[in-house]
Amino acid sequence: MALPENFLSKSLARVQPSATIAVTQKARDLKAQGRDVIGLGAGEPDFDTPDNVKAAAIEAINRGETKYTAVDGIPELKEAIAAKFKRENGLDYSVDECFVAPGGKPIIYNAMMATLNPGDEVVIPTPYWVSYPDIVLLAGGEPKFAQTTIETSFKLTPDALEAAITPKTKWLIFNSPSNPSGAAYSRDELKKLTDVLMKHPHVWVLTDDMYEHLVYDDFEFVTPVQVEPGLEDRTLTMNGVSKAYAMTGWRIGYCAGPKELIGAMRKLQSQSTSNPTSISQWAAVEALNGTQDFIPKNAAVFKGRRDLVVSMLNQATGIECPTPEGAFYVYPSCRGLIGKKTEDGKVIDSDEAFATALLEQEGVAVVHGEAFGLSPFFRISYATSTEALEDACARIQRFCASLK
């Protein structure tokens, strides 16, 4: 039965479904039909959650930690978060400046919903994680995109940031290392951006540090408030346990920021999701407080996969793939293939056409660059086995060579 006219919210029409989730689901569907598909769309580690973290969750269940908790997280987890920020980032946050949500995405959603009014602008560098602009639109704000290029390694320049800021700008959403490009900003690069922000005291910063621990080649991660303490009173520093601790399904994100903002987000969460899952919170306490020995080991595996993928993609006809500093993504250009035709005569006129033809012809699922706001590129997640990556990259090489 069709829904009545005007039944759905007009705000829903402002957004699109997540492209990364759609690609992952399409790969699953094709596999279920018997197709030989390698899915490179999902942004989650293929490692299992560490045993000490799983044990902490089981112990929490056995202790009966299965009731409602405080809306914004148990005190033990907020204490672990404050200790993490002090230990790893040199940031002094009190427990009541910390906040826990059922994932990183709800933190962004809560922050935008709690602060944006019609006409407010949010600066988002491209390429961006697919959810940033849609969350801004749902909250009634207007995304304003600051373009990066492959020539700047997909990093925002001070001039591009300056040009994007207007009197209506309320937030900058900043992500390093980046999803989808893997680009990460050095201390010097970040200082040039914070210098711009210090000239515009009306602009707040939401920094998404979700991939903090996944950096390579002796890269030093820094977050904006570390570089410029003057930004602390208008920065929300966000992180989570999903990537570094292989806990995507546990759904725990966290952040720290000014008490008034945290209070507004708490009020919003109290009327939406309420508290994050109690068991996941106790698992996250152990993740943050327990051994961190596995993190560099996992990062070393990811670095090897990155190097393999970058090397093999750069050997593919018409593909140019920069070497990213972090995360577990590459963002290659397919501009050298635009205008060519597949074996059955389909024209590759966009990165979406490239991704579609690659999936149909070779069974490799990637996410087209238009979904991330910068074309003609595509995103590959190398958070899967080396064997699968070798096979996938060989198929990409074969597909590119077949285009005429």
Report task. Starting from residues that are open to solvent by less than 90 Å² (accessible area, probe 1.4 Å) and farther than 14 Å from residue 245 by Cβ, keep the ones in the stretch 33-50 and report whichever is farthest from the chain's Cα centre (by Cα). Result -> 34
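Table: residues versus (1) touching a strand residue (DSSP E or B) at 6+ places or on another chain (Cβ under 9 Å); (2) within 30 Å of residue 124 (Cα to Cα).
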| site | (1), (2) |
| --- | --- |
| 321 | yes, yes |
| 328 | yes, yes |
| 342 | no, no |
| 351 | yes, yes |
| 375 | yes, yes |
| 385 | no, no |
| 394 | no, no |
| 399 | yes, no |
| 403 | yes, no |
**Report entry** Some residue of the stretch 292-306 being over 30 Å from residue 366 (Cα atoms) and of a type outside the set (Lys, Arg)
**Finding:** yes
Query raised in the report: Is it the case that the stretch 221-238 has a residue that's over 21 Å from the mean Cα position of the chain (by Cα), crowded, with 16+ Cβ neighbours inside 10 Å, of a type outside the set (D, E, K, R) and more than 22 Å from residue 112 (Cα to Cα)?
Result: yes
Requested in this report: Show the residue pairs that are 6+ apart or on different chains and have beta-carbon atoms under 6 Å apart, the first residue being within the stretch 380-395 and touching a residue at least 12 places away in the same chain (Cβ under 8 Å), the second being part of a strand (DSSP E or B).
Outcome: 380/330; 381/329; 388/38; 392/38; 392/364; 395/364
Report task. Go through the stretch 85-104 and give me each residue that's over 20 Å from the mean Cα position of the chain (by Cα), assigned to a helix (DSSP H, G or I) and surrounded by 19 or more Cβ atoms within 10 Å (Cβ to Cβ). Result -> 97
Query raised in the report: Yes or no: residue 297 without any contact (Cβ under 8 Å) to a residue 12 or more places away in the chain, surrounded by 14 or more Cβ atoms within 10 Å (Cβ to Cβ) and not hydrophobic (A, V, I, L, M, F, W, C)?
Result: no
Report task. Tell me which residues, restricted to the stretch 194-216, are over 23 Å from residue 107 (Cα atoms) and among the aromatic types (Phe, Trp, Tyr). Result -> 216
Query raised in the report: Are there any strands (runs of 3 or more DSSP E) wholly within the stretch 125-213 with 3 or more residues that are free of Cβ contacts under 8 Å to residues at least 60 places away in the same chain, and if so which?
Result: 142-146, 169-175
Query - Answer from 283, 353, 357, 316 - the residue that is farther than 25 Å from residue 226 by Cβ and without any contact (Cβ under 8 Å) to a residue 40 or more places away in the chain - result: 353
Query raised in the report: crowded, with 23+ Cβ neighbours inside 10 Å, in contact with a strand residue (DSSP E or B) (Cβ under 8 Å, 6 or more places away or on another chain) and within 20 Å of residue 369 (Cβ to Cβ) - does that describe any residue in the stretch 149-167?
Result: yes
**Report entry** Count of residues meeting criterion [touching a Pro at 6+ places or on another chain (Cβ under 7 Å) and either of a type outside the set (A, V, I, L, M) or touching a residue at least 40 places away in the same chain (Cβ under 8 Å) (or both)] in the stretch 225-244
**Finding:** 3
Query raised in the report: Looking only at the stretch 60-75, which residues are assigned to a helix (DSSP H, G or I) and either touching a strand residue (DSSP E or B) at 6+ places or on another chain (Cβ under 9 Å) or surrounded by 15 or more Cβ atoms within 10 Å (Cβ to Cβ) (or both)?
Result: 60
**Report entry** Spans of helices (runs of 4 or more DSSP H) in the stretch 290-404 with at least 1 residues of a type in the set (D, E, K, R) and within 23 Å of residue 248 (Cβ to Cβ)
**Finding:** 294-314, 386-402
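Out of the residues in the stretch 368-385 that are in contact with a helix residue (DSSP H, G or I) (Cβ under 6 Å, 6 or more places away or on another chain) and of a type in the set (Ser, Thr, Tyr), state the one that is farthest from residue 38 (Cα to Cα).
375
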Query raised in the report: Only one of (1) open to solvent by less than 10 Å² (accessible area, probe 1.4 Å); (2) within 16 Å of residue 235 (Cβ to Cβ); (3) part of a helix (DSSP H, G or I) fails for residue 57. Which number is that?
Result: (2)
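The values are calculated or read from the model by the stated rules, or taken from the named source; none is laboratory data. All values reported here derive from a predicted model rather than from experimental measurement. We place every Cβ from the backbone using ideal geometry, glycine too, and count neighbours over all the protein chains shown. Areas reflect the complete protein model, heavy atoms only, side chains present, ligands, DNA and RNA absent. Shrake-Rupley method; radii C 1.70, N 1.55, O 1.52, S 1.80 Å.
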